[in-house]
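> First the structure, then my questions, so here it is.
Each reported figure results from applying straightforward, stated rules to the coordinates on display, with no laboratory input. The structure presented is a predicted model; accordingly, all values stated were derived computationally and were not measured. Reconstructed Cβ throughout: ideal geometry from the backbone, glycine too, with neighbour counts over all protein chains shown.
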Amino acid sequence: MPISSTLSSPSLPSHFFPFDPPHAAPRLTVPSSSSPAAAAAAAAADRFRALAIKKSGFLSVIDRAMEEEEYRRARAEVRRKGVDVEGYLIEGVSVGGHETCVVVPSLNSAFDIGRCPAKAVHQDFLFITHAHLDHIGGLPMYLATRGLYNLKPPTVFVPPCIKEDVEKLLQIHRTMSQVELKVELVALDVGETYEIRNDLVVRPFRTRHVIPSQGYVIYSVRNKLKKQYAHLKGTQIKKLKLSGVQITDTILSPEVAFTGDTMSDFIIEPRNADALRAKILITEVELLE
């Protein structure tokens, strides 16, 4: 039975100060009176409450700082070792609003490139899900670094609706930096198939985000002898093959699927069934208030 794996990371807080206190400080009830004693009691109550808020706010900052440190350590550990799932090593980082880049070295592939982690540079295939900067912002650096290392031009897949703008963006960087930024830019639409290796193909699938987006499924490819020829001897099969008869069926098995940012209802889309059947499903969580 296929196993779906979800890689996710908590979002970094955009600021540390001020934080709302985790609980309200207790109020002191004082008599309603205009006497000096009543006024003094009211002032004391206000000072107590302000002190309680200040203390609880300080503790909130400490708690969040500790959570942040734990997060950084966990992220560093994943970046250093990656995770092994269903025979695939998965590396990378996903920090909401900051950067996403997931690398699958055995497939020579990276999904999205919000910045440009070192391990992504040596992947020949890059799949972009959508045009938010935390998913595509590192593309010029990825291309420039590959050029610096004299690596062959990569193949970068993008949704067709953004290809023209991506080409303009890269041309601006070429002009400003006086570098070539060599790349094979492929506009691959939902449902289309592209062979990335003789035993691997990729197909995009529909996702739902605030801007146009798509996920990708990478399939392994194998040829299986058709049932009507299963009883034949090797020499007979060879003869049929040489005569041009198609003796095999092509079997596609979904291996790794990546959604990028998406609402959860991509799951109920019938045409996305292969993403759910993949050995590994890597998804990012999109929350609505």
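> What area, in nm² and to one decimal, does the C-alpha convex hull of region 83-282 cast on average over all directions?
Numbers: hull surface 55.8 nm².
Answer in nm², one decimal: 13.9.
> Place a +1 charge on the Cβ of each Lys and Arg in region 183-233 and a -1 charge on the Cβ of each Asp and Glu, then give the dipole magnitude about the Cα centre in debye, rounded to the nearest 20.
Working: 9 positive and 5 negative charges, 106 e Å.
Here region 183-233 has a charge dipole of around 500 debye.
> Then there is this: Amide H neighbours of GLY260 under 5 Å, at least 5 residues apart or on other chains, H built in the peptide plane: list them.
HN-HN under 5 Å from GLY260: GLU284.
> For ALA230 and CYS161, calculate 0.36 nm times their separation in residues minus their Cα-Cα distance, and state this gained length in nm to one decimal. Mind dumping the intermediate values first?
Values: separation 69, 0.36 × 69 = 24.84 nm, distance 4.57 nm.
Answer, rounded to one decimal: 20.3 nm.
> Can you find, among GLN171, SER220, SER243, the residue farthest towards the positive end of the dipole of region 155-266? Put +1 on the C-beta of Lys and Arg, -1 on that of Asp and Glu.
Value computed over the given set: SER243.
> Under unit Cβ charges (Lys, Arg +1; Asp, Glu -1), what dipole magnitude, rounded to 20 debye, does region 83-282 have relative to its Cα centre?
Working: 23 positive and 22 negative charges, 239 e Å.
Taking the Cα centre of region 83-282 as origin, the dipole is about 1140 debye.
> Which loop chymotrypsin sites (Phe, Trp or Tyr not before Pro) in region 132-211, with loop taken from DSSP, have no more than 14 other Cβ atoms within 10 angstrom of their Cβ? Intermediate values should be presented prior to the final figure.
On the way: sites: TYR142, TYR149, PHE157, TYR194, PHE205; in loops: TYR149.
For chymotrypsin sites (Phe, Trp or Tyr not before Pro) across region 132-211 that sit outside H, G, I, E and B with at most 14 neighbouring Cβ atoms in 10 Å, the list reads TYR149.
> Taking the Cα centre of region 170-285 as origin and charging only Cβ (+1 Lys, Arg; -1 Asp, Glu), how large is the dipole, in debye to the nearest 20? Each step should come with its number before you reach the end.
Values: 17 positive and 13 negative charges, 199 e Å.
That gives region 170-285 a dipole magnitude of about 960 debye.
> Any idea how many Lys pairs in region 83-282 come in under 20 angstrom at the alpha carbon, given 8 or more places apart or on separate chains?
The number of close lysine pairs in region 83-282 is 16.
> Further question: For PHE127, which sequence-distant residues (separation of 5 or more, or a different chain) have an amide H within less than 5 Å of its own amide H, given hydrogens modelled in the peptide plane?
Here ALA110, PHE111, ASP112, PHE157 satisfy the definition.
> Suppose each label sits 7 Å from its Cα in the direction of the beta carbon; what would the ARG271-ARG197 distance come out to in nanometres?
According to this spin-label approximation, the distance is 2.8 nm.
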